C-alpha cells in the first residue's frame, strides 16, 4: 500500500470544502498518515485564553488536505476508513464562543439577549489511563472522562461548484460532529467533482451527542486512514454521508430544523436498507421504526446533524458493498 | 405495601390527561398492578385491519387510570417506579395511519401529497425466546427482534386546567414514546393539581428511537409499578419529566421544532446537574457537552420528544433524592 | 335580531377554550354586545407595573364567554361577524414578560441566557384623533400611532374533549393574534362540540405583524358581533379558522415551526379556492403562488400563527357561502 | 453618469455568488442596463415543457454579472438602486419541479411520498394592459393579473471565501425572492470581498408572498439600476440585506426554520431603528412590536426568507444615510 504522510504548515490549512487546490493526489488504496490541528488552530491553551480574543471567523476548523483521489469522478463513492485516531497533544480545549452554541441566541436564532459569559476549559490528557480531565471553573469538581477520539469534520468538495465553510455540515459531509466518526469506522461520501477533493480535521478527544455548547474537547490529532474508491458502475453513490463500523450501519443527515436532519438520515437509511435487504420501501420504513437508533450529532452548527443507526446483529444481512468494510479492517490490521 | 389491581373495561378508558375523574385514590408507596390496552384499543388484529377503517380520532391511546395520589399537591413530585412490563397478548401491531408519521405530510406539516399507502404489520410474540417477529409484507423477509417492552404514555393532569389528548407529550409527560420508559426506570413528574391524577398506557413491545412511522410494536401490557411522592418541602419539582435507572439520569423534553425539544431536555438536565453536583450553570453546560447522550424519542407526535441522558458511571455523584431510586429498586425486588 | 349584552365580572372570566360552562345560550342571528378585559386583567396600569409582579400564569388572556349557540353541532360552521371594536379604556399597556416573546429565550426555546430586562409601556388613547401614543422609556421619543383595534383571541371549544389555555392558538381558533381580526371581518370556525362554546377576548388597540415582544397595545374592548351558524348539510366546516372581509379571504394556520403554520394556512386556502372556483388542486397551488399575501400574525405564542390572504379584486369569484359576508355587513349596518 | 450595458451570452451566465470572475468593473455612481434570463434559462416555453426534462441542477437561476465595484472593500455597503424592471419577453413560465416547493416533500423535508405531478403554466404578457394571464390547466378558468415585476436574486460574493448557489439566499443577499425587490427600491448589501462582486437575476413578472410552489411567473427582464457605495468610514455595513423604498424601510432575513429568518429580520431592524431614531434596544423592540409588517418572501428555497418592514409615515424620522434613497430616486428620474 502507498503510504502518504502529511503534516500541514499553518499556511497550508484549508478552511473550506471546495475552492482549495489539492495538496497532493493519492491513489485509491493509499494509507494516509496525517496530523490535524484543533478547531481553534491551537490558539486556546489556557483557561484565560478566551474565544473573542483569539478566534477569527474564516479561520476556524482548519482542514488537513484537500487530497485528490486519482480516478474519482462524479457519481463514484469515496471511501475513507479511519484506522487510528490518536491525540497529538497532552491537552484539549473547549470554550464558549459568544452567540454560538445550542443553548444561547446565535446569529441565526437572533435574539436580544446578551451573550453568555466567555469561558475556556482545558482538559489534561492522561495517555496511560486513557482519560481527559474535566475541571470545573467555579467549584472544586474534577472528573476523569474516557478518551474517545473522533473527527468532527470529514468531507469532499460540494456539488455544483459551491464552496462551503469548514464549519458547515451538509450532503458533502463536512462538520458533522458525530461521535460515530471514530477509529474503526468506514465513511462513504458522494463524489461531486473529479478527484473528490477531500479533507479531514477538527479532532475531538471526546464529545457528547449534540455538542451542546458548540465545542467538544478540541485537540490536535494524528490520523491514519485508508482511501478507497467505489466506481459508479459498481454501486450508486449515497446521497448523504454513510458510515459503517463492525456493529452498525449509520447515516448522517444535516439540515435545519433538526427534524429535517433526522428525516434526511431516515430516508437515506431506508434507501440503503431496501438495497441491502431487497425490501419494499414501506416495509423498510416499518422495520426502521422498530430498530433504528437516533442519537444526535450536533445542534450547534450552521446545519444540525442527526444520525440514524441500524445494528447488524439486530438485522441480519447488512453487508454493504460486498463486505468492503471487513476488507478494510483487514487491511488496517496489517498496518499495525 | 398496598397493592391495587385494576383492569379497565373499555368504557373506563381515558383518552385525555386531565378532564377525567380518578378511577381511585392510592396511597404513596402503593403497588399498582395494571393492564393497559394497546394504542389502537386492540382493533388491529390482522394485516388486513387498516387504520382508516378501525381507528377513530379521540379514541386512540386509551389510558389506564387516572389515579389520584393521596396528599399530592401542586409543587410536589410524583414518583412512578416501573417494576415490570410484560406483554399481555401474543401479538403486537404496527400500522401506517394516513397523514401521520415522521416521513409523510401530516395535519401540521400540511402538504399536497397523497397519503402513503395504508398497511398493517402483525408481530408474533415468542415469550420463550423473548422476541417479536417482523414479517415484511412485500417480500419473504422475516426477522426476530428482541422484546423490549416500554410504555409510550405516562403522565399527570396538566397545569392551569388544561386537558390534553393522550396523543400529546408535554411538560406533564404524556405520549413521550421514549424507550427509556421501561421496567427498572423511575419516573419523576411535576404535580400540577391536587392528587396528581396520573395515568399510563400505550404499551410498546419494542420501538426504535424516533418511532419513525408513528406506531411502535403496539401491544396490551401488564404493568406493575410503585407510586411514591416527594413533597415540595423536600425537593423542588422538575419542570419536565425526569427518569432514572441504575445507570443513568434522563430528561425528556417535548416541543416543536425538534431542536426546542432537545433544548428543553438539555436545560432541565443542567438544572438537575447543578443541584446534584453543586456546579455552576456554565460548568454544567460544559460538562454536559462532553458527556450527554441524546437519543430521540418520537418525531411523530403533536410535540416531538428528545432525550438527554448522563451516565452515573461517567459522572460520579448522581444520586437524586438521597437514593430514592435504589430504594424503589429494593422495594421492587421484594415484590417478585 | 336578539341582542345580548354581557360584561363579565372578574370571577366570570374564562381562561380556557373548553372546560368552562357556557355563560348563556344564544340564537344564531343574535347580536352580542360584550366587554372584554385586556390580556393582563387590567393589572398593568403604569410603567412601574411590571409583569413578574402582577401577572399570574393561568390567569392571563381572560375570555368573555363562553357562549353556547343553539343548534350548533360538530361539523357545522360557527360564523362570527365583528361589527364593531371600540377601546373601552383611555390607555393600553404593553410589557416584556420574562422568558416570553419572539426575540428572547423562552420556556420552549430553552436557553441559558438571562431574561431580558422587564419594562412596561403605557399608551394613551386619543379618541378624537384615533391614536395611541408610544412613549420611549429611555429617550424623549414619542410617536402617535393610528388606533387599529382587533381581537387577539376568538375561539371555540377544541375537539376530542381537549381544554386549551386562552394563550394558545390552534385549529379551534384561540390566541391567533392576527390584525385581520378587526371590525368588518367575518370569522368562520369549525364546531367541535354541541353549542360550539365560543368566547372572545384579548383586545389590542394596535399590533404589528408577528407581535414581536409578545404583547400588543393591550386594552379592554367593547365588542359588537353577530353570531350565525352554517349547518354541515349546507357546507363543510373549515379545518382551520377562516376570515373574510370586503376585500379578501383569509386563513390562519397555527403550529410550530413557523413554516408549518404557513403550510397549514396555504393548504386550507387551496381547499377553499378549489371549492369556490372549481379549480383542480395543483391549479389552485399555482394560482396561490402568484397571488397570495402571507403576513405573519404571531411568532410568540405556544403555537405560531401565519396568515394566507387572497384578494377578491385580484381573483374574481370569491364569494363564500353565497355571499353570507355581504349579508352580515348589511345586517351590521342596520345596527348603527 | 457612466452607463454600462450588458446582455450576457448563455456561456457567460453565472450560477453562483462568489467563485466567478467579474464580467467587468464599474464605478460607484454608474448606471447599469442589463438583461437577465429567467430562472429556467428560457427552456420552459410551453405547457408541455416539464421541469424534469429541461432543467439541470447547477444550471438554474442564471445570474447577470458579476460586476466588481471599484473601491469596494469589506466593511463597506453596496448600494443598488433599481430604476426600472421591464419584462423582456411576452410570456412568463411557472412550473412544479419534483421534490421542490413549499407544499411537498423536498430533499430537506425528506419524506417517502411520491413527488407531486409535474405541470407547467405559461403566462401571456399584455404590455398595454400591464397584465399576465393565469390559465388553469384542468378547467376553463383564466385570470388576468397585474404585472408586478421584481428580481428574485440580488447578491454579492459571500464572506470567508464561500461560494453559494444562485438558488440560495443568505446574509449576502442572493435568492431572497421578495416582492420588495422592485423598481423604485434601493438595496443595501454588506461588502465581503474587494469589489463586492455582485450579480442580479431571476426576474419575476409577479409573485405571491412565500412563492408557494417554488417558482413565480418567471421571465427574462430588462433591468436598469444605479450602483453606489457607502464606505465603512461613513456608516457601518448592515449584517443582512436592507431595502428602502419611498414608503418603507425593509430587512430580509434568510434561514431555517422560518422563525429564525423572521428573528434575523427583526433584530436587524431593531439595530437599524436604534441607529436612525436614537432609541434604546428594548424601546425599539417595543415600537417594532406595534408597527412592523412581516410578509413572507419565500418558504421554498434552501433558506427561507422573511421580511420586516416599517412605514416611514407611521414612524417619522426614518431617513437612512442622509437621504441617499431620495437622492437615488432623483438620479433615476434624470435617466428617463
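Residues in the stretch C:293-323 that are closer than 21 Å to residue C:172 by Cβ and more than 11 Å from chain D (Cβ to nearest Cβ): C:301, C:302, C:303, C:305, C:320, C:321.
None of C:253, C:275, C:323, C:317 is at pLDDT 95 or above and buried (at least 24 other Cβ atoms within 10 Å of the Cβ) except C:253.
To keep it simple, each residue is scored yes or no on (1) closer than 23 Å to residue A:238 by Cα; (2) buried (at least 23 other Cβ atoms within 10 Å of the Cβ); (3) touching a strand residue (DSSP E or B) at 6+ places or on another chain (Cβ under 6 Å); (4) at pLDDT 95 or above.
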| position | (1), (2), (3), (4) |
| --- | --- |
| A:7 | no, no, yes, yes |
| A:12 | no, no, no, yes |
| A:19 | yes, no, yes, yes |
| A:49 | no, no, yes, yes |
| A:68 | yes, no, yes, yes |
| A:86 | no, no, yes, yes |
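Among the conditions (1) farther than 25 Å from residue A:275 by Cβ; (2) away from chain B (no Cβ under 14 Å), the only one that residue A:176 does not satisfy is (1). Note on the stretch C:20-73: residues that are farther than 19 Å from residue C:216 by Cβ and in contact with a helix residue (DSSP H, G or I) (Cβ under 6 Å, 6 or more places away or on another chain) total 1. In this structure, residue A:243 does not qualify as crowded, with 24+ Cβ neighbours inside 10 Å and either in contact with a helix residue (DSSP H, G or I) (Cβ under 9 Å, 6 or more places away or on another chain) or at positive phi (or both). With respect to residue C:262, determine if the residue is part of a loop (DSSP other than H, G, I, E, B) and crowded, with 22+ Cβ neighbours inside 10 Å. No, not satisfied. Restricted to strands (runs of 3 or more DSSP E) entirely inside the stretch D:29-141, those with at least 2 residues that are in contact (Cβ under 8 Å) with a residue 12 or more places away in the chain and within 14 Å of chain C (Cβ to nearest Cβ) are D:91-95, D:120-126, D:131-135.
A single member of B:114, B:126 is closer than 30 Å to residue C:263 by Cα and surrounded by fewer than 20 Cβ atoms within 10 Å (Cβ to Cβ), and it is B:114. Total residues in the stretch B:142-166 satisfying the condition of being in a loop (DSSP other than H, G, I, E, B) and crowded, with 24+ Cβ neighbours inside 10 Å: the figure is 6. Scanning the stretch D:252-285 for residues that are over 18 Å from residue A:258 (Cα atoms), in contact with a strand residue (DSSP E or B) (Cβ under 6 Å, 6 or more places away or on another chain) and more than 7 Å from chain C (Cβ to nearest Cβ) turns up D:252, D:253, D:264, D:265, D:268, D:269. Scanning the stretch C:187-205 for residues that are surrounded by 24 or more Cβ atoms within 10 Å (Cβ to Cβ) and either touching a helix residue (DSSP H, G or I) at 6+ places or on another chain (Cβ under 7 Å) or assigned to a loop (DSSP other than H, G, I, E, B) (or both) yields a count of 5.
The values are calculated or read from the model by the stated rules, or taken from the named source; none is laboratory data. Model, not experiment: these values are computed from the prediction. With ideal geometry, Cβ positions are generated from the backbone for all residues, glycine too; neighbour counts draw on all protein chains shown.
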